[in-house]
Amino acid sequence: MQTAEVVLSVLRDRGRKGLPCTQLYRQMFNRDLYLLAYGNIYSNQGAMTPGVSEETADGMSEETIEQIIGLMRQEKYRFSPARRVYIPKKNGKLRPLGMPTWSDKLVGEVVRLLLEAFYDPQFPDSSHGFRKSRGCHTALREIGNTWTGTTWFIEGDISDCLDPWSYCSFADCAGLEQPVLGGGHLDTQAFPAPGAGEDGAELAALDLLQYGLPGDAERLGGVAERDPAGGRGVGEHAA
């Protein structure tokens, strides 16, 4: 098996050139990717928070990784149900938060690494959400430097867009192996990624949404990026 650095570098290059990405599932057998994923998430605040089992980061071992890879090879790995808790929101409502098992956190991070490596180079510079070294400050900086002809903005949000898996086709991500998902209802909070806070941000499931929606929109002739100088719209994926 190639090292994680080589695998992710090849994926970035293919994404940058717009080349297809096939047989991605075999990378779920790469031990080095799991070690990289562990290094990314072991120090997260929720790493010691158990899910439906007592498994946490302190019980991590190379044997655990080998067990996961063995199940992946047989297409028998199944994500466990997430332990659901509810956190109060400022508006008085409750925000659902899933507490996955440690193994599911690890697998979710590997999935995120692979998806991000391939799709991130394809995103336009106007896309700032949930991207490395990007965020609210870089978006505001671009607005101040580029959108000089705009006098007002309209903010939009997709209500409960991460609740049911069936909302989006995710045609761009059809290569992922369905057996891993186990069928039925997908608890989107079962795929945490680094930096996930109370709002469940930066999930691998959110990566699927972020990477899937732009492609769906283009195929349907929907949202498209426009000239900011003219005060017109910007693509949904740039939000």
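The values are calculated or read from the model by the stated rules, or taken from the named source; none is laboratory data. Note that the coordinates shown come from a computational prediction; the quantities given were computed from them, not determined experimentally. Because the Cβ atoms are built from the backbone with ideal geometry, glycine has one as well, and the counts that use them run over all protein chains shown. Keep in mind that these areas ignore ligands, DNA and RNA; they rest on the heavy atoms of the full protein, side chains included. Shrake-Rupley method; radii C 1.70, N 1.55, O 1.52, S 1.80 Å.
Points worth noting:
- For the range 132-159, the candidate set comprises residues that are modelled with pLDDT of 85 or more and of a type in the set (Val, Ile, Thr); within that set, the residue that is most open to solvent (accessible area, probe 1.4 Å) is Thr148.
- If the condition is being open to solvent by 30 Å² or more (accessible area, probe 1.4 Å) and in contact with a Lys or Arg (Cβ under 7 Å, 6 or more places away or on another chain), then the range 109-126 contributes Asp120, Pro121.
- Verdict on Gly129 being part of a loop (DSSP other than H, G, I, E, B), surrounded by 13 or more Cβ atoms within 10 Å (Cβ to Cβ) and in contact with an Asp or Glu (Cβ under 8 Å, 6 or more places away or on another chain): no
- Hits in the range 132-156 - residues which are part of a helix (DSSP H, G or I) and within 30 Å of Pro20 (Cα to Cα): Thr138, Ala139
- Residue pairs whose Cβ atoms lie under 7 Å apart, sitting 6 or more positions apart in sequence or on different chains, and linking a residue in the range 47-65 that is hydroxyl-bearing (Ser, Thr, Tyr) to a partner that is surrounded by fewer than 14 Cβ atoms within 10 Å (Cβ to Cβ), are Thr56/Met48.
- Single residue of Leu8, Leu19 found to be open to solvent by less than 90 Å² (accessible area, probe 1.4 Å) and in a loop (DSSP other than H, G, I, E, B): Leu19
- Scope the range 57-108; condition in a helix (DSSP H, G or I) and open to solvent by 40 Å² or more (accessible area, probe 1.4 Å); matching residues: Asp58, Gly59, Glu62, Glu63, Glu66, Gln67, Leu71, Arg73
- Each residue in the range 10-43 was checked for being hydroxyl-bearing (Ser, Thr, Tyr) and free of Cβ contacts under 8 Å to residues at least 60 places away in the same chain, and 2 of them qualify.
- Taking the criterion of being in contact with a helix residue (DSSP H, G or I) (Cβ under 9 Å, 6 or more places away or on another chain), small (Gly, Ala, Ser) and open to solvent by less than 70 Å² (accessible area, probe 1.4 Å), the residues of the range 22-48 that qualify are Ala37, Gly46, Ala47.
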